[in-house]
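**Q** Before I ask anything, let me first share the structure, which is written out below as structure tokens.
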Amino acid sequence: CGSLISSCSSFIPTASTNPKAALKSKIVAEFRPQSLIDELLLYKRSEDQIELKEKQLSTMRVDVCSTETLKCLKGKA
């Protein structure tokens, strides 16, 4: 059984025999997700701000046809 495993293991590509596998291993090893995390947090904060402003506008019951009201809203933003 041991000889079967050792003979089969020679067919499995390793990083040293497969340059693509070596490159992928290097990329995975060097991957630092902090910049991705920062971008996702920024996106989440932006989404939260949009949701908050939508809630504020829905509770105000503003006449959007009135230019004076829109000017006042623009001044508050």
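**Q** Quick check: at a probe of 1.4 Å, how many percent of the accessible area of region 35-75 sits on carbon and sulfur atoms?
**A** On region 35-75, the fraction of accessible area on carbon and sulfur atoms equals 60 percent.
**Q** Follow-up. Report, ordered by chain and residue number, the lysines lying within cross-link reach of Lys74, taken as a straight Cα distance under 23 Å and ignoring same-chain residues fewer than 8 apart.
**A** Lys53, Lys55
**Q** Now, a different point. Per residue, what accessible area does region 35-75 have, given a 1.4 Å probe and all protein chains present, in Å²? All intermediate terms of the calculation are to be shown ahead of the outcome.
**A** Details: 3880 Å² over 41 residues.
About 95 Å² of surface per residue is accessible.
**Q** What length, rounded to one decimal in nm, is gained on full extension from Glu54 through to Glu30, with 0.36 nm per residue of separation minus their alpha-carbon distance?
**A** In short, 4.5 nm is gained.
**Q** Another question about this same structure. Output ³J(HN,Hα) for region 48-56: one whole-Hz value per residue in order, computed from phi by the Karplus curve 6.51 cos²θ - 1.76 cosθ + 1.60 with θ = phi - 60°, and x for Gly and Pro.
**A** These are the phi-based 3J(HN,Hα) values: 5, 5, 4, 4, 5, 5, 5, 5, 4 Hz.
**Q** Sticking with this structure for a sec: Largest first and to the nearest Å, give the Cα extent of region 35-75 along each principal axis.
**A** So the extents along the principal axes, rounded to whole Å, are 44, 18, 13.
The values are calculated or read from the model by the stated rules, or taken from the named source; none is laboratory data. Quick caveat: nothing in here was measured; it's all calculated off a predicted structure. Side chains included, ligands, DNA and RNA excluded: accessible areas come from the protein's heavy atoms. Shrake-Rupley method; radii C 1.70, N 1.55, O 1.52, S 1.80 Å.
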